[in-house]
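The values are calculated or read from the model by the stated rules, or taken from the named source; none is laboratory data. The shown structure was predicted, so the numbers you read here are calculated from the model rather than taken from an experiment. Reconstructed Cβ throughout: ideal geometry from the backbone, glycine too, with neighbour counts over all protein chains shown. Only protein heavy atoms, including side chains, enter the accessible area calculation; ligands, DNA and RNA are left aside. Shrake-Rupley method; radii C 1.70, N 1.55, O 1.52, S 1.80 Å.
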Amino acid sequence: MKVAISTENLKDCCETEGALSSLRELGVDTAEVYLKTFYEYRPEFAKSIAPNICGVDVPFVRGFSLNFEVNMFSSSRRVRGDGLYWFDQILRSAKILGADNYIFRGTCFDEINIDCISGAVRETYDFCASYGVNILLENSHCGIYSKPETFSKIKERVPSLWGVLNMAEARAAGYPIGMYLAHMSGAIAAVRISDADKSGKICLPGEGCLNFKDILQKLYDGGFDGSLIIDTVKGADKDRLKHCIEYVKELIYIL
């Protein structure tokens, strides 16, 4: 397992380009680049920030799902076309940044029909593949993948699909993490890890009540050997992030 961090973790103190430059001092060599705005999706922006990567491996790129991912589930061909336009931009940027994976949540406001959803995921998957980028479906309590069984149902129709397990979103959806692990078994590329305090509020791993040694052991026993992406906590400073990274690294070392 590798410890990774998202540029989103540092957006409170700097823009995306500054966040990329700060990754090395945090002690990580793997990162997710989070591109939130339409301005940042453009390949011109990716070219301008690529030198800031400074040798850090960037296997993952993610956008803000409400900006265009929701378009992929519209019955309107024109609306889907708008989504594909911005997908084109962000996938070109992903390749410039050296990323082979796009983390996709997809937001659908209609009642979920698994055949329609799977068809949209297949179209999106094929579109991404034409750029040499994998699509990784991440669970979200307000996205298309909220219930644990949704992933295995979509994967029946899109067999090559892999996913990202988001611990905080699993808790928000009200399902045990073990249920997601069961339905995603053998197809988890990354886990977005977070802790929770006594009130249930999200916090950095090691700052809350969860037993991360047991959690990582379950992942390890299940054959997971991907990236552990530390989830975003608003206002977390670099010292807290460094401490969290070292904490997770130590747990991995003793597995």
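Ranking 216, 199, 226 by Cα position along the charge dipole of the stretch 186-229, where only Lys, Arg, Asp and Glu carry charges on their C-beta atoms, puts 199 farthest toward the positive end. Computed over neighbours whose Cβ is under 11 Å from that of residue 127, the net charge equals -1, Lys and Arg +1, Asp and Glu -1. Applying 1/(1 + (r/R0)^6) with R0 = 22 Å to the Cβ-Cβ distance of residue 179 and residue 122 gives a FRET efficiency near 0.35.
Just add up the charged neighbours of residue 46: K/R +1, D/E -1, any other residue whose Cβ is under 12 Å from the Cβ of residue 46.
On the way: positive: 42, 47, 92, 95; negative: 17, 40, 44.
Taking every Cβ under 12 Å from that of residue 46, the sum is +1.
Taking only the alpha-carbon positions of the stretch 150-255 and ignoring solvent, what does the Debye formula give for the base-10 log of I(q)/I(0) at q = 0.13, 0.22, 0.23 Å⁻¹? Results for the stretch 150-255 at q = 0.13, 0.22, 0.23 Å⁻¹ read -0.49, -1.26, -1.35.
A straight line joining the Cα centroids of the stretch 117-140 and the stretch 160-194 runs 17 Å.
Peptides 72-78, 182-188 ranked from most to least packed, by the mean per-residue count of other Cβ atoms within 10 Å: 182-188, 72-78.
On the protein heavy atoms, probe 1.4 angstrom, tell me the percent of accessible surface of the chain carried by carbon and sulfur. Please report the intermediate quantities before stating the final value.
Working: 5790 of 11510 Å².
Answer for the chain: carbon and sulfur cover 50 percent of the accessible area.
Over the stretch 63-115, what is the relative contact order in whole percent, taking alpha-carbon pairs under 8 Å and six or more residues apart? Reported relative contact order: 44 percent. Taking springs between alpha-carbon atoms closer than 10 angstrom, which of 114, 193, 202 fluctuates most in the Gaussian network model of the chain? Comparing 114, 193, 202 in the GNM, the peak value goes to 114. With the simple model of a label 7 Å out from the Cα in the direction of the Cβ, residue 78 to residue 113 spans 2.2 nm.
Relative to the current alpha-carbon distance between residue 66 and residue 129, full extension at 0.36 nm per residue lengthens the span by 20.5 nm.
Run the numbers on the chain and let me know its relative contact order in percent, using alpha-carbon pairs under 8 Å that are six or more apart.
On the way: 455 pairs, mean separation 48.7, N = 255.
Worked out over the chain, it gives 19 percent.
Please report the relative contact order for the stretch 138-255, taking Cα pairs under 8 Å with a sequence separation of at least 6, and give it as a percent rounded to a whole number. Please list the in-between numbers first.
Values: 154 pairs, mean separation 25.0, N = 118.
Value for the stretch 138-255: 21 percent.
About its Cα centre, the dipole of the stretch 16-60 is roughly 140 debye, where the only charges are +1 on Lys and Arg Cβ and -1 on Asp and Glu Cβ.
Computed from label points 7 Å out along Cα-Cβ, the spacing between residue 44 and residue 157 is 3.9 nm.
In the chain, the calculated helix contribution to ellipticity at 222 nm averages -12500 deg cm²/dmol per residue, counting -39,500 (n - 2.57) for every DSSP H run with n ≥ 4. Its Cα centre serving as origin, the chain has a Cβ charge dipole (Lys and Arg +1, Asp and Glu -1) of approximately 280 debye. Counting only Cβ charges, +1 for Lys and Arg and -1 for Asp and Glu, the dipole size of the stretch 149-255 around its Cα centre is about 240 debye.
Accessible surface area normalised per residue over the chain is 45 Å², counting heavy atoms of protein chains with a 1.4 Å rolling probe.
Given the C-alpha centroids of the stretch 22-40 and the stretch 69-100, what is the distance between them in whole angstrom? The stretch 22-40 and the stretch 69-100 have Cα centres spaced 20 Å from each other.
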